[in-house]
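Colleague: The following block contains the structure, expressed as structure tokens.
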Ligand code: ZN
């Protein structure tokens, strides 16, 4: 059965509510653990079906936003999604409070309980109106960013559309596009400062109402950091400053030499080669075919997975009119089917979809045996290990995608991933300081950002855009507004993926086996347990970054494209 035959039917919310009442009752009055467990698994199947319908509706709406039927369904789910969640939470609470919980803990993986406890700790009816206000403030930020109408190159552009100009190979165009972008943020400085100020104070008050000391504490719970804390993150930061920043500084120096400048102006920071970025060859169908060869040769398991995706039409890759922007991987439990969505545009990003998103999809495909929907994917920092590592397992086949640009691809893939780490840690560090100092004025926040930027990204040169010198770059980082503390996750996963890269460089025959193992366990283990299962070193441990950074540095230093124009 292919994706188009997957049946969608709107859920009857009243009937679902009645089901929930029934199961809460059965669970509360179960005469034995066996009866309790049976009811628990029966309800899981009902919940999975609701979740499948919600996901199917959302996928089909994102593929064609002009489709009136799924537009109506989207409205239905926007309205009813929170009601469904409320009902699911009722059952979860019943399960957690049950006298049978100790027995269930022997049958159900630990993260299920940790996640459920976190969900309950982060919620109380008392904060519903605060959460609504938080959503509104976040929407207002999105609006400020989305409504930009900037005259450029004879066209009216959004900030996203200006992105193409910011990446132009023509220096003047790049420079003007950066100026136009930041002029817009500067014109909205007061609005953004006020929005963020309200968000910070509101989140602090929510945290306190829920009994946390501050929002930093609650942030760790919201982000489901199940087995590490602020001290671990603090230790990780120190290692990034010691082991990663010197490497990135050297990479920026090499970049300056390549592009022929003696200082790295902000509009040149993403400009790697005067001859252009690596470009993939072939049409969408040709690239899917190349991916089929790649996954067939990589392992029988990846072959089975990719054949399943192709045969069942679970890839919607091409940009089309009416299609939502961006890319994602999701999972439809009723059909045990992952789904990959993207907008191919002829750049290296297209290949990333076939490796990175496919890494997520492969993990959830191998985790189909897991009964609890909340454990199909692990927590965020672990999820990205699967995707980012798959990018490296795919390296031997990159020549078929990039041809003569392959070395450029390897170089930009590694150097870009390394350069991201200090930035990602900075975004996280800044937020710790902001939520630990709720009374800071907007000016104090900006000063702190610039101070931290000088530690993590000392190459930054804002001479061309003095507004950025005031410490405002984070105005463009939507996670800071919309998903507080969601960022360091990417860097933690990257550090783990680099360890797989190193093992592959050393031709470790165990590498894929370990990778496959953590795909199978999905979310049944916590981050540090997953890292251990993969025979990787925890990024929080002293010395975890030194060897891998040394090897990466050596590899990049020897790259044939290091000095290429
Ligand atoms: Zn990802």
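The values are calculated or read from the model by the stated rules, or taken from the named source; none is laboratory data. Note that the structure is predicted; figures quoted are calculated from it, not measured. Virtual Cβ from ideal backbone geometry, glycine too; neighbours counted across all protein chains shown.
Colleague: In segment 306-338, which residue that is in a helix (DSSP H, G or I) and free of Cβ contacts under 8 Å to residues at least 24 places away in the same chain is surrounded by the fewest Cβ atoms within 10 Å (Cβ to Cβ)?
Modeller: 307
Colleague: Going by what's in this entry, would residue 177 be described as touching a strand residue (DSSP E or B) at 6+ places or on another chain (Cβ under 8 Å), touching a residue at least 60 places away in the same chain (Cβ under 8 Å), more than 30 Å from residue 33 (Cβ to Cβ) and assigned to a helix (DSSP H, G or I)?
Modeller: Yes: the conditions hold for residue 177.
Colleague: May I pose another question? Of the residues 387, 367, 415, which single one is within 15 Å of the ligand (Cβ to nearest atom) and modelled with pLDDT of 95 or more? Spell out the reasoning first.
Modeller: On the way: 367 fails: within 15 Å of the ligand (Cβ to nearest atom); 415 fails: within 15 Å of the ligand (Cβ to nearest atom).
Result of the check over 387, 367, 415: 387.
Colleague: Follow-up. Only one of 475, 481, 498 is at negative phi, in contact (Cβ under 8 Å) with a residue 60 or more places away in the chain, within 16 Å of the ligand (Cβ to nearest atom) and touching a helix residue (DSSP H, G or I) at 6+ places or on another chain (Cβ under 6 Å). Can you tell me which?
Modeller: 498 is the lone residue from the list that is at negative phi, in contact (Cβ under 8 Å) with a residue 60 or more places away in the chain, within 16 Å of the ligand (Cβ to nearest atom) and touching a helix residue (DSSP H, G or I) at 6+ places or on another chain (Cβ under 6 Å).
Colleague: Still on this structure: I'm trying to understand the selection: among the residues of segment 325-338, which are at pLDDT 95 or above and within 14 Å of the ligand (Cβ to nearest atom)?
Modeller: Matches in segment 325-338: 329, 330, 331, 338.
Colleague: I'd like to know if segment 119-128 contains one or more residues that are out of contact with any helix residue (DSSP H, G or I) (no Cβ under 8 Å at 6 or more places or on another chain), free of Cβ contacts under 8 Å to residues at least 24 places away in the same chain, closer than 22 Å to residue 219 by Cβ and assigned to a helix (DSSP H, G or I). Break it down stepwise before answering.
Modeller: Our first condition is that a residue be out of contact with any helix residue (DSSP H, G or I) (no Cβ under 8 Å at 6 or more places or on another chain); within segment 119-128, this holds for 125, 128.
Next, from what is left, pick out any that are free of Cβ contacts under 8 Å to residues at least 24 places away in the same chain: 125, 128.
Add one more test, that the residue is closer than 22 Å to residue 219 by Cβ, and what stays is 125, 128.
Of the ones still in play, those that are also assigned to a helix (DSSP H, G or I) are 125, 128.
Yes, there is a match, as at least one residue in segment 119-128 is out of contact with any helix residue (DSSP H, G or I) (no Cβ under 8 Å at 6 or more places or on another chain), free of Cβ contacts under 8 Å to residues at least 24 places away in the same chain, closer than 22 Å to residue 219 by Cβ and assigned to a helix (DSSP H, G or I).
Colleague: Of (1) touching a helix residue (DSSP H, G or I) at 6+ places or on another chain (Cβ under 6 Å); (2) in a helix (DSSP H, G or I), residue 450 satisfies all except one. Which?
Modeller: (1)
Colleague: Looking at segment 547-565, which of its residues are part of a helix (DSSP H, G or I) and surrounded by 13 or more Cβ atoms within 10 Å (Cβ to Cβ)?
Modeller: Within segment 547-565, 547, 548, 549, 550, 551, 552, 553, 555, 556 meet the criteria.
Colleague: Same structure again: Considering every residue within segment 461-474, establish whether at least one is modelled with pLDDT of 95 or more, closer than 20 Å to residue 204 by Cβ and within 25 Å of the chain's Cα centre (by Cα).
Modeller: yes
Colleague: Mind checking which pairs have a first residue in segment 382-397 that is farther than 26 Å from residue 225 by Cα and a second that is more than 10 Å from the ligand (Cβ to nearest atom) and part of a helix (DSSP H, G or I), Cβ under 6 Å, 6 or more apart or different chains?
Modeller: So the pair list comes out as 394/355; 397/294.
Colleague: Would you confirm whether any residue within segment 370-378 is within 11 Å of the ligand (Cβ to nearest atom) and at pLDDT 95 or above?
Modeller: yes
Colleague: Being free of Cβ contacts under 8 Å to residues at least 24 places away in the same chain, away from the ligand (no atom under 16 Å from the Cβ) and part of a helix (DSSP H, G or I): is that true of residue 443 here?
Modeller: So residue 443 passes the test.
Colleague: Of the residues 371, 408, 419, only one is surrounded by 19 or more Cβ atoms within 10 Å (Cβ to Cβ), over 19 Å from residue 223 (Cβ atoms), more than 20 Å from the chain's Cα centre (by Cα) and in contact (Cβ under 8 Å) with a residue 24 or more places away in the chain; which?
Modeller: Values: 371 fails: surrounded by 19 or more Cβ atoms within 10 Å (Cβ to Cβ); 419 fails: more than 20 Å from the chain's Cα centre (by Cα).
Among 371, 408, 419, only 408 is surrounded by 19 or more Cβ atoms within 10 Å (Cβ to Cβ), over 19 Å from residue 223 (Cβ atoms), more than 20 Å from the chain's Cα centre (by Cα) and in contact (Cβ under 8 Å) with a residue 24 or more places away in the chain.
Colleague: Hey, could you check segment 160-174 for residues that are in a helix (DSSP H, G or I) and touching a residue at least 60 places away in the same chain (Cβ under 8 Å) and say which is farthest from residue 272 (Cα to Cα)?
Modeller: Out of the qualifying residues, it is 160.
Colleague: Can you tell me which residue in segment 339-358 is nearest to the ligand (Cβ to nearest atom), limited to those that are in a helix (DSSP H, G or I) and in contact with a strand residue (DSSP E or B) (Cβ under 7 Å, 6 or more places away or on another chain)? Write out each step before concluding.
Modeller: Taking segment 339-358 as the starting set, the residues that turn out to be in a helix (DSSP H, G or I) are 348-358.
Those still in the list that are in contact with a strand residue (DSSP E or B) (Cβ under 7 Å, 6 or more places away or on another chain) too: 350, 353, 357-358.
Numbers: 350: 15, 353: 10, 357: 7, 358: 11 Å.
My answer is 357.
Colleague: Right, here's the next one. Just to confirm my filter: which helices (runs of 4 or more DSSP H) fall fully inside segment 17-118 and include at least 3 residues that are closer than 30 Å to residue 343 by Cβ?
Modeller: 33-63, 68-97
Colleague: Out of (1) touching a strand residue (DSSP E or B) at 6+ places or on another chain (Cβ under 9 Å); (2) away from the ligand (no atom under 16 Å from the Cβ), the odd one out for residue 399 is which?
Modeller: If we test residue 399 against (1) touching a strand residue (DSSP E or B) at 6+ places or on another chain (Cβ under 9 Å); (2) away from the ligand (no atom under 16 Å from the Cβ), just (1) comes out false.
Colleague: Name the residues in segment 1-16 that are closer than 19 Å to residue 80 by Cβ and either in contact with a strand residue (DSSP E or B) (Cβ under 8 Å, 6 or more places away or on another chain) or assigned to a helix (DSSP H, G or I) (or both), would you?
Modeller: 13, 14, 15, 16, listed by residue number.
Colleague: What about residue 539, is it in contact (Cβ under 8 Å) with a residue 40 or more places away in the chain and part of a loop (DSSP other than H, G, I, E, B)?
Modeller: Considered against the rule, which asks whether it is in contact (Cβ under 8 Å) with a residue 40 or more places away in the chain and part of a loop (DSSP other than H, G, I, E, B), residue 539 comes out as yes.
Colleague: Right, here's the next one. Considering only segment 60-74, I want to know if a residue exists there that is under 30 Å from residue 215 (Cα atoms) and surrounded by 18 or more Cβ atoms within 10 Å (Cβ to Cβ).
Modeller: Scanning segment 60-74 turns up no residue that is under 30 Å from residue 215 (Cα atoms) and surrounded by 18 or more Cβ atoms within 10 Å (Cβ to Cβ).
Colleague: Moving on. Which number in (1) surrounded by fewer than 17 Cβ atoms within 10 Å (Cβ to Cβ); (2) in contact (Cβ under 8 Å) with a residue 24 or more places away in the chain; (3) closer than 30 Å to residue 219 by Cβ marks the one condition that residue 78 misses?
Modeller: (2)
Colleague: Just checking, does segment 84-106 include any residue being exposed (fewer than 14 other Cβ atoms within 10 Å of the Cβ), at pLDDT below 95 and in contact with a helix residue (DSSP H, G or I) (Cβ under 7 Å, 6 or more places away or on another chain)?
Modeller: No, because not a single residue in segment 84-106 is exposed (fewer than 14 other Cβ atoms within 10 Å of the Cβ), at pLDDT below 95 and in contact with a helix residue (DSSP H, G or I) (Cβ under 7 Å, 6 or more places away or on another chain).
Colleague: Has segment 22-41 got at least one residue that is under 22 Å from residue 70 (Cα atoms), under 34 Å from the mean Cα position of the chain (by Cα) and surrounded by 14 or more Cβ atoms within 10 Å (Cβ to Cβ)?
Modeller: Scanning segment 22-41, I find no residue that is under 22 Å from residue 70 (Cα atoms), under 34 Å from the mean Cα position of the chain (by Cα) and surrounded by 14 or more Cβ atoms within 10 Å (Cβ to Cβ), so the answer is no.
Colleague: Condition test on residue 361, is it within 15 Å of the ligand (Cβ to nearest atom), in contact with a strand residue (DSSP E or B) (Cβ under 6 Å, 6 or more places away or on another chain) and modelled with pLDDT of 95 or more?
Modeller: Yes: the conditions hold for residue 361.
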